[in-house]
1. How many residues are of a type outside the set (Ser, Thr, Tyr) and in a loop (DSSP other than H, G, I, E, B) if we restrict to the range 348-378?
2. Taking the range 204-228 as the search range and keeping residues that are assigned to a helix (DSSP H, G or I) and among the hydroxyl-bearing types (Ser, Thr, Tyr), which one is nearest to the ligand (Cβ to nearest atom)?
3. Every residue in the range 138-183 that is surrounded by 15 or more Cβ atoms within 10 Å (Cβ to Cβ) and small (Gly, Ala, Ser), please.
4. Do any strands (runs of 3 or more DSSP E) entirely within the range 229-347 hold 1 or more residues that are within 12 Å of the ligand (Cβ to nearest atom), and if so, which?
5. Based on this model, can you work out whether residue 102 counts as modelled with pLDDT under 90 and surrounded by 14 or more Cβ atoms within 10 Å (Cβ to Cβ)?
6. So which of 149, 94, 75, 121 is modelled with pLDDT under 90 and hydroxyl-bearing (Ser, Thr, Tyr)?
7. Scan the range 382-390 and give yes if some residue there is away from the ligand (no atom under 16 Å from the Cβ) and buried (at least 21 other Cβ atoms within 10 Å of the Cβ), otherwise no.
8. Counting residues that are farther than 30 Å from residue 70 by Cβ, which helices (runs of 4 or more DSSP H) fully inside the range 428-523 reach at least 3?
Amino acid sequence: MTTTEPPPAPEAAASGRGSWLNTALGANSEVAGATLANPLAAGLDEGRRAPPGVLVIFGASGDLTARKLIPAVASLARRNLLPAGFAVVGVARSPLGDEAFRDKMVAAVPSGGPAWASVVSGFRYVHGDYGAAGTMARLRAVLDEIDASRGTAGNRIFYLATVPAVFEPVADALGAAGLNRPPHSGAYARLVIEKPYGRDLAGARQLDAGLHRSFDESQIYRIDHYLGKETVQNVLALRFANAIFEPIWDRRYLDHVQITVAEALGVEHRGGFYETAGALRDIVQNHVMQVLSLTLMEPPATIDAQGIRDEKVKALRAVKILSAEQVATEVIRAQYEAGFSDGVAVPGYRQEEGVAPDSHTETYFAMRLEVDNWRWAGVPIYVRTGKRLPKRVTEVALQFQRVPHLPFRAQETRELHPNALVLRIQPDEGISLRFGAKVPGQAFEVRDVLMDFSYGSAFAEEAPDAYERLLLDAMIGDPTLFIRSDEVLQAWTIVDPILAAWAGRDVPLAQYPAGTWGPKQADQLLARDGRRWRTP
Ligand code: BG6
């Protein structure tokens, strides 16, 4: 199966139905074969119902399962969005029984209460080596039995919440056991796969080929939890449901764009993992590339899996690939030293548990990108991400050009900056527009003011957690918010030369004190262009 042009497959063709934004806009109420007579009366969320099915979690005794997946399932149950008879089967190496697994799942959701305990009562556990034929045979027997006892209709999601080393072996073993195909027509078998999706372009291609041995592209749901965030999805609503932003969203009006994914936390207890990743693999290749592609993409013809993903890939293909020489000038990598976080002294990265004392892993990354197309030519895109920065904030900031002529005296506009539209993805989700206004008084002083939209005050609805959103999409069969093969490979194509340049030569690793906005080299990257980073 080709990896660059995923073939239209039965599932992909069906996936446009009930697609998330159509549903949100009430334009399409047909979901998973069920048509609601009056979607508005039923509530649009109600229209997003999954058919009966089983969620099989490989890596069920791991951190992700307890921290994210099971709480998401519990939340779906609380909102009454799980199909009747829904079941979870945990697969892991720990020798647990059904009861012990259920106890763990109950403990993972302390606020679940008796209703949650009753949902969990149907959960099952299969223990064994991932990828072993015996494990798959036991799993198969459990699935058949659940289909018979709970009416789950042969619908199965296989969620790989394991270490990446077993992604391929599990997919192969599912294939060998015949679990890669649904037991009968009309049912589904889907594979949900977590990051990291390969360690580089070659690894991602290899993983693709490995998964495609047993699963069609239409069955594979590559997850990036950033796409499950409401405010990331809102980039599309802002851009393509409004007439006023899109016409100015280009090189004629924009000076530059800044994308920031900042974290206040350090590597916490994940030092060992982080040593093998670094900011580029951990955040840039996936989360930053997703936010970037939504910011850069052209309006899709249709808001569905194909329409959106085609445009995202096209946008990523327009991003200029850096040469090894350009990596040296356009990319900054750095590592945090001891400093302060929220006024508390914190150790440097090299002193963290599980981190080598001479580690060269970057905890900060900044880059200047150019995009070769009509919309973006000449508009630099600056991206940065880091751990142990002053605060947790993810935002996309579009800075507009200055007016061609300011008809004021210099001192009257001392406190005036170029207009900026800032999409606050988290926390304090919202959108703000900075513009100049006259300060009341006799003088004609013009100062920055903010027009602010805040999710918290505009909507009473509680936003679903990213995993909740994505799990339900996988059950419904809507891959819009999952990453297609060609997309993941293009993201690696952008990142790969940077990894190669870092591996092949002695690229400096800058330092920054914990609790600051990164190294001075990152400031210089913008100062060189006469610009500066925003302070969110
Ligand atoms: C994960 C990274 O993918 O995203 C973590 O592995 C990071 O290192 C996390 O902390 C950030 O996610 P969020 O949702 O808190 O922005």
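1. We begin by selecting, within the range 348-378, every residue of a type outside the set (Ser, Thr, Tyr); these are 348, 350-358, 360, 362, 365-378.
Next cut, in a loop (DSSP other than H, G, I, E, B) only: 348, 352-358, 360, 362, 370, 372-378.
Here the count works out to 18.
2. The initial filter retains those residues of the range 204-228 that are assigned to a helix (DSSP H, G or I), namely 204-212, 217-219, 225-228.
Checking which are among the hydroxyl-bearing types (Ser, Thr, Tyr) leaves us with 218, 226.
Details: 218: 25, 226: 7 Å.
So the residue we want is 226.
3. If the condition is that a residue be surrounded by 15 or more Cβ atoms within 10 Å (Cβ to Cβ) and small (Gly, Ala, Ser), then 153, 154, 161, 171, 173, 175, 177 are the ones that fit.
4. Values: elements: 254-262, 331-337, 339-341, 344-346.
The strands (runs of 3 or more DSSP E) meeting that bar are 254-262.
5. Details: modelled with pLDDT under 90: no; surrounded by 14 or more Cβ atoms within 10 Å (Cβ to Cβ): yes.
No.
6. Details: 149 fails: modelled with pLDDT under 90; 94 fails: modelled with pLDDT under 90; 75 fails: modelled with pLDDT under 90.
So the residue among 149, 94, 75, 121 that is modelled with pLDDT under 90 and hydroxyl-bearing (Ser, Thr, Tyr) is 121.
7. Here is the first cut: in the range 382-390, the ones away from the ligand (no atom under 16 Å from the Cβ) are 382.
Next, from what is left, pick out any that are buried (at least 21 other Cβ atoms within 10 Å of the Cβ): 382.
Yes, the range 382-390 has at least one match.
8. Values: elements: 455-458, 466-476, 485-504.
So the answer is 485-504.
The values are calculated or read from the model by the stated rules, or taken from the named source; none is laboratory data. Because the structure is predicted, anything quoted here is derived from the model rather than measured. Because the Cβ atoms are built from the backbone with ideal geometry, glycine has one as well, and the counts that use them run over all protein chains shown.
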